[in-house]
Every structure is written in C-alpha cells, then in structure tokens.
Amino acid sequence: MQRASDSDLSIKMSSSSPDRSFHRINSSDTASLTKPPWSTVSILILVGAIIAAVFLADLLSPLGASISFLYAVAILITAWLPGPLIPIVTAGVCTALILLAGAVTAASLAGNLLMVLLNRGLTIAVVWIVAGVVLHRRHGEETLESIIQGSPIGQILIDLTGRIHVMNRQAESLFGYGTDEWIGTAGERLVPERFQAEFLKLRSELVLAGPTTRAKGQGQALIARRKDGTEFPIEITLSPARTPTGKAILLSIISVSEREASQELLRIHARQQGVVADLGQFALEVSDLNEVLNQVVVRLAETLDVEFCAILELMPDGKQLRLRAGVGWREGLVGSATVDGDVTSQVGFTLMSHAPVIVADLRREFRFSGPALLTDHGIVSGMSCLITGAPDSPYGVLGVHTVHTRSFSQVDAHFLESIANVVAQSVQRFFAETERARSVEQLRRSRDMFLNLIQNNPFGVYLVDSNFRLA
C-alpha cells in the first residue's frame with residue numbers, strides 16, 4: 001500500500017507542469033486499515049504461540065510480575081480478526097492460564113501469597129480492560145462503516161496516507177469495483193494522472209489543517225477513473241473524519257453524469273407535459289377532427305424524435321384498421337392503407353391491452369407479428385397505445401415507430417398514453433357534436449314537414465296551446 005511522504009502532504013499544484021510525479025503504490029503493501037496483513041489462520045497461530053510462550057514464562061516467574069501482562073499483546077492482535085467473540089474467548093483463555101499458573105506455583109510461594117494474588121488480580125484486570133478496548137474499537141469501526149454503507153451517494157474513507165479504508169456499494173458501482181477489490185488501492189488511483197495533483201492538493205490541505213477544519217472542495221468538479229480505465233465526471237467533497245484508529249478523510253462522490261441524466265429526464269418530462277397541454281388546448285379550439293389528428297401525429301413524432309407516427313382507425317367491421325393520419329409513411333398510404341386487427345398482430349394485441357405496448361425490436365418480437373405496413377418501411381422499434389372511443393368500444397390505435405433500435409422509457413409510454421387520451425377526448429367530442437348536429441337537423445326537417453303540411457292543407461287549421469289559445 002502507498003506510504004505518503006512529507007512531500008506528498010505538502011505538494012504544490014502547478015497547472016502548467018505536465019510532468020508531475022507521485023509516490024506510487026508498492027505491490028507488496030496491499031493491506032487496508034481494517035483488513036489483516038496476514039491470513040486469519042496465520043494470526044490465530046501467532047496468538048496461540050504468544051499465549052503459550054507467556055504461559056511458560058509465567059511458570060518460570062512464580063510471582064507472575066510483568067510476564068503475565070504480556071497476555072495483553074495476544075488480545076491486541078485479535079483486533080485484526082473478524083467477529084466480536086474472538087477477543088472475549090482469548091481473554092477467557094488468558095484468564096484461565098493466569099489462574100492455572102498461579103495454582104501450579106502457589107506451593108513454592110506460600111510466604112508471598114498476598115503478592116501473588118495481587119499480581120494475578122491486576123493481570124486479569126488488564127487482560128479484560130484490553131479486551132474491552134478492542135471490542136469498543138471494533139464497535140466504532142463497524143458503526144462508522146455501517147453509516148458509510150447506508151449513504152445514498154458514493155462514499156470512500158481513506159487514511160491520511162491515501163489508502164482506502166472503506167468503499168460503500170454506491171462507490172463500488174460508480175468505479176466498477178467488486179466487493180473488496182479496492183483493497184490495496186490508493187485514493188488518487190481513482191482519478192486520471194492529469195488530475196491527481198489537484199486531488200492530492202485537496203487531501204493535503206485537509207491533512208495539514210486543524211481539527212475543526214470543514215470540508216474541502218465542496219462539490220468540486222473532477223474527472224474520475226473507473227477500474228477499467230474509462231473516465232466520467234464527478235463532484236467530490238473531502239471531509240475530515242475520526243476513526244478508532246485515528247484521523248481519516250471521507251470522500252463524498254456524486255456522479256455528474258447520473259445527475260445530468262436525472263435532470264435531462266425532468267426536462268424531457270416537462271417538455272412532454274407541455275406538448276400534452278398544447279394539444280389539449282388545440283383540440284378544444286378546433287372543431288375539425290382531421291385537423292386535430294394531423295397536428296397530433298406531427299407533434300408526437302417531433303417530441304419523441306421518431307420517423308413514423310400513425311393513428312389507425314377501427315373500421316365498422318371491427319376486423320381492420322385504416323391509417324387515418326400519420327407522418328413518415330409513403331405517399332398515398334395515409335387515408336387508404338389498412339392493417340388487420342387480428343390478435344396475433346401488433347395492432348390487435350394493442351387493442352386488447354390496457355397499457356402501452358413497447359417493442360424493443362420487432363424482428364425479435366415473440367408476442368405478435370408486425371403488419372406489412374411496418375415491415376415494409378423497415379420499422380425496428382416503437383410503441384402503440386389504445387385510443388378509446390364510445391363507451392366500451394375502441395376508436396383505434398396510436399403508434400410511434402423508428403427504423404433504429406431504441407429502448408423507449410416508461411416516461412415515453414406515459415406520454416404516448418396521455419396523447420392517446422387527448423385524441424380520445426377529441427374523438428368523443430366530435431362524435432357527440434356530430435350526433436347533436438344530426439339530431440338538430442332531424443328536428444328541423446320534422447318541423448319543416450309539419451309546417452308544410454299545415455300550409456298546404458285545403459281545410460282551415462288552427463294551432464292552439466294547452467289552454468286552447470292560438471299558438
């Protein structure tokens with residue numbers, strides 16, 4: 001693991017010096033702060049050997065002075081081992097051996113029994129105090145690590161020399177590391193070499209500052225490097241931290257690309273909702289259904305950036321649908337082209353669905369087959385949605401299509417569904433107004449026929465109201 005020299009901690013940043021040098025990680029020094037430098041078995045053997053050596057030395061020193069206190073060394077070494085039981089078990093074994101050594105040598109020390117008991121008692125007290133310190137330290141480490149792991153953003157804990165102590169799951173995902181793969185990695189390895197001086201400057205300023213220093217580089221823009229070498233923009237904040245082993249530095253990392261993607265998603269959603277509102281207002285102001293449908297397909301294709309958009313109207317026989325409005329299709333097809341509404345086709349499948357149907361790749365679609373209208377134009381991806389008409393009866397299908405492979409999001413699907421609702425309301429209003437106009441026309445004709453009958457009647461005819469007054 002990397003050892004930072006004094007020059008590392010007082011490094012001066014120079015933007016005009018491309019040949020910056022850094023202390024590199026030694027391949028043989030790969031232990032992190034909380035990971036044992038040797039295997040668990042090796043440590044257990046070492047602990048056992050120390051306990052055995054102290055026990056034998058204790059037997060040779062009957063008073064137990066100084067020698068038995070070395071049991072504390074074995075307990076301190078258990079801090080490298082996982083689990084809270086090992087220090088407790090070790091302290092129990094040491095206590096038993098202390099008492100056993102005292103019992104074995106008691107006969108030769110009859111005149112100094114009080115001294116023996118005092119030495120043994122103090123030794124046992126020291127053993128359990130050290131065990132308590134180890135457990136407290138371990139609890140502090142586990143608490144700090146659990147807080148870091150629970151953070152919703154990427155967080156990395158490094159020591160003052162730059163070695164990584166803890167990397168939470170969000171940071172592992174950002175940098176492409178698997179669990180514990182970051183062991184032996186220096187913090188500056190997470191940024192490209194051309195930005196390492198800037199990173200080390202922030203770190204050294206925090207190290208050299210006082211204990212009350214606040215975070216450095218609040219949300220500072222930087223370029224990070226993943227395990228595979230790819231680079232991505234981040235915002236990084238370095239904060240002082242204190243661990244059971246001493247001072248440390250907490251790196252809080254936010255991926256700018258993810259944040260920008262979220263902001264872009266919000267912008268897209270806002271734009272789509274604006275289009276829905278505009279089309280809804282347009283549909284209320286225009287009485288011609290064809291004009292509404294033509295405006296819908298144009299705005300929908302522009303907003304979703306697709307080459308094709310279609311409104312398919314269900315024909316009276318209920319078996320076929322006519323291309324009522326659309327953009328991108330070959331000349332002459334809009335208004336005349338028809339597609340089958342069979343359940344094995346995409347159109348028929350959409351008519352039976354209660355949610356938008358998303359097609360990632362029509363060539364590999366197994367739920368239904370694509371109609372000739374789509375395959376003849378080389379359609380690959382698209383979405384389709386039901387347009388409701390009169391109660392309990394569909395009007396048709398609204399679809400968007402592209403010749404490129406594209407993954408439409410749920411936001412896109414909700415937008416398509418919202419536009420389909422606008423079309424449905426326009427269709428229902430058009431049908432209602434048409435029916436009203438037809439009823440008015442029928443009443444007018446009946447009135448004209450009635451008046452004509454009266455005017456041409458050879459007999460005298462009078463119209464009276466319910467009170468027999470002339471109307």
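Just so you know, all these numbers are worked out from the coordinates, no wet-lab data involved. The model shown is predicted, which means the values in this text are computed figures rather than measured ones. Reconstructed Cβ throughout: ideal geometry from the backbone, glycine too, with neighbour counts over all protein chains shown.
Ranked by how many other Cβ atoms sit within 10 Å of their own Cβ, fewest first, the residues Glu198, Glu181 fall in the order Glu181, Glu198. A Förster radius of 56 Å combined with the Cβ-Cβ distance from Gln425 to Met449 puts the calculated FRET efficiency at roughly 0.95. Computed over the stretch 291-445, relative contact order equals 21 percent, with contacts defined as Cα pairs under 8 Å that lie 6+ residues apart. Fewest-first ordering of Ile75, Ile236, Ile45, Ile254 by other beta carbons within 10 Å of each residue's beta carbon gives Ile45, Ile254, Ile236, Ile75.
Modelled this way, with points 7 Å down the Cα-to-C-beta line, the labels at Arg226 and Leu122 are 6.1 nm from one another. The ranking of His136, His354, His165 by Cβ neighbour count inside 10 Å, starting from the fewest, reads His354, His136, His165.
Using the Cβ-Cβ distance between Phe366 and Glu417 with R0 set to 35 Å, the FRET efficiency from 1/(1 + (r/R0)^6) comes to roughly 0.90. For the stretch 363-371, backbone phi angles converted through the Karplus equation (6.51, -1.76, 1.60; θ = phi - 60°) give residue-by-residue couplings of 5, 10, 6, 10, 7, 6, 9, x, x Hz, Gly and Pro being listed as x. Considering all different alpha carbon pairs of the stretch 286-432, the Kirkwood hydrodynamic radius works out to 15.0 Å.
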